[in-house]
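Below is one structure, written out as structure tokens; comments come after it.
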Amino acid sequence: MNHLEPRIYVAGHRGLVGSAIVRALHARGHRNLVTRSHDELELTDQAQVRAFFRSERIDQVYLAAAKVGGIHANNTYPAEFIYDNLLVETNVVHEAWRAGVQKLLFLGSSCIYPRLAQQPIREDYLMGGALEPTNEPYAIAKIAGIKLCESYNRQYGTDYRSVMPTNLYGPGDNYHPENSHVIPAMIRRFHEARVSGLPEVVIWGSGKPMREFLYVDDMAAASVHVMNLAPEVYRSSTDAMHSHLNVGAGVDVSIAELAHLVGEVVGYAGRIVFDTTRPDGTPRKLLDVARLHALGWHASTSLREGLGRAYAAFLETEVVEAAA
């Protein structure tokens, strides 16, 4: 093996984003990857994380491990969402630094921004207003992750970077009927309605909120791109106290438009009804991705193309579950 090949740890490699990062790294010829399942390494346990970094001689870290979920999950388990995510971030960042790891990429979420932020949302809008109450604990944890990286950079001279993706979807998604995000939840609901011949599908909320969606393999490509930028190039587009970069498609659609598009991709021909007694969440959330574009990266997968791939992946998951 080439001794110059960096030893790369992908935390959360079985999740939606982590698995896509592994695919992206393999596609770029990286073979010296280190992964650990949740059973093999409990990231909320500082002693385990310390022992892992002490023994594995890691050069780079992609911190994609997190407790994630949709509105229902965030509302139901707020203590778990803030506690678990804070522990994972602090343990991984601190122990990576203790072990001499100079390069780390922290993956956050666009929910870090104020609920009523001006659109599109620029990186410097962070902490400019109140957060969306339904996922505030998770957002606070992700903001802390950004500030952890910035603080270690300022005090210890590390090169820890942060990327904030918009809503992600694709292979490896969570299709749980209650705890999933909007696209996988819709894919499952429309698929089951089609298979069962149901006359209508009910969607939470009014359908009016605007959302931006990015295919997860595009997010992974952006993550590798940002990680590999020369330090002076990265610093030229950020500053010490706003060091994160938005990652998104640069366009958004209404939930109603999304629902009809998912219905088309799945082949559902019934009615789509919107339950206005259910919460809408943030009215609009579109990221300003001008900084990332200036650094040479653009999304390449259209929403319709990505939904087709996501549905194909869902069908594969269904086959595997049926066979189990």
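Taken together, the values in this text are just the output of simple stated rules run on the coordinates, not laboratory data. Remember, it's a predicted structure, so these values are computed and weren't measured experimentally. Here the Cβ positions follow ideal geometry from the backbone for every residue, glycine too, while neighbour counts run over all protein chains shown.
Extent of segment 157-231 along each principal axis, from alpha carbon coordinates, in Å, largest to smallest?
Principal-axis extents of the Cα atoms in segment 157-231, largest first: 58, 25, 18 Å.
Rounded, prolate or oblate: pick one for segment 68-159, where a ≥ b ≥ c are the square roots of the eigenvalues of its C-alpha gyration tensor, a/c under 1.5 means rounded, and failing that, prolate if a/b is larger than b/c, else oblate.
oblate
Hull surface divided by four, with the convex hull built on the Cα atoms of segment 241-324: how many nm²?
9.1 nm²
Would you give the gap between the C-alpha center of segment 1-80 and the C-alpha center of segment 275-296, rounded to a whole Å?
Measuring centre to centre over Cα atoms gives 26 Å.
Charges on Cβ only, +1 for Lys and Arg, -1 for Asp and Glu, centred on the Cα centroid of segment 1-141; of 35, 127, 70, which one is farthest towards the dipole's positive end?
Value: 35.
Evaluated at 4 °C with a viscosity of 1.567 mPa s, what Stokes-Einstein diffusion coefficient in µm²/s does the chain have when Rh comes from the Kirkwood expression over alpha-carbon pairs?
In µm²/s, the coefficient rounds to 64.
Given a Förster distance of 41 Å, report the FRET efficiency between residue 277 and residue 228 from their Cβ-Cβ distance, rounded to the nearest 0.05.
Approximately 0.30, to the nearest 0.05.
Taking the Cα centre as origin and putting +1 on Lys and Arg beta-carbons and -1 on Asp and Glu beta-carbons, what dipole magnitude results for the chain, to the nearest 20 debye?
The dipole magnitude comes to about 480 debye.
Restricting to bridges with both residues inside the chain, how much of the DSSP beta-bridge set is antiparallel, in percent to the nearest 5?
The antiparallel fraction comes to roughly 10 percent.
From the Cα gyration tensor of segment 129-199, with a ≥ b ≥ c the square roots of its eigenvalues, which class applies: rounded if a/c is under 1.5, or else prolate if a/b is larger than b/c, or else oblate?
prolate
Just subtract the alpha-carbon distance of residue 305 and residue 94 from 0.36 nm times their residue separation and send over the number in nm, one decimal.
72.0 nm
5 Å is the cut-off here: which amide hydrogens, built 1.01 Å from N in the peptide plane, fall below it relative to residue 168, excluding neighbours closer than 5 in sequence?
Amide H to amide H, under 5 Å and 5 or more residues apart or across chains, residue 168 pairs with 214.
Report the Cα-based extents of segment 1-80 along its three principal axes, largest first, to the nearest Å.
Reported extents, whole Å, longest axis first: 48, 30, 17.
Highest GNM mean-square fluctuation, the chain, Cα pairs closer than 10 Å: which of 25, 107, 286?
Of the options given, 25 has the highest mean-square fluctuation.
Suppose each label sits 7 Å from its Cα in the direction of the beta carbon; what would the residue 154-residue 28 distance come out to in nanometres?
Using points 7 Å along Cα→Cβ, the separation is 2.9 nm.
Can you tell me the relative contact order of the chain? Whole percent, Cα pairs under 8 Å, sequence separation 6 or more.
Relative contact order here is 20 percent.
Kindly provide the Kirkwood hydrodynamic radius of segment 1-154 in Å, to one decimal, from all pairs of distinct alpha carbon atoms.
In segment 1-154 this quantity evaluates to 16.4 Å.
Once amide H atoms are placed 1.01 Å from N in the peptide plane, what residues at a sequence separation of 5 or more from residue 245, or on another chain, have their amide H within under 5 Å of its amide H?
Counting only residues 5 or more places away or on other chains, the set is 162, 163, 164.
What ranking of 219, 164 emerges when the number of other C-beta atoms within 10 Å of each C-beta is taken as an exposure proxy, fewest first?
Starting with the residue having the fewest Cβ neighbours, the order is 164, 219.
Sorted by average packing, counted as other Cβ atoms within 10 angstrom per residue and highest first, what order do 227-240, 290-303, 57-70 take?
Highest to lowest by the protection proxy: 57-70, 290-303, 227-240.
Can you tell me how segment 173-324 classifies by the Cα gyration tensor, rounded, prolate or oblate, using a/c under 1.5 as the rounded cut?
Prolate, because a/c is 1.5 or more and a/b exceeds b/c.
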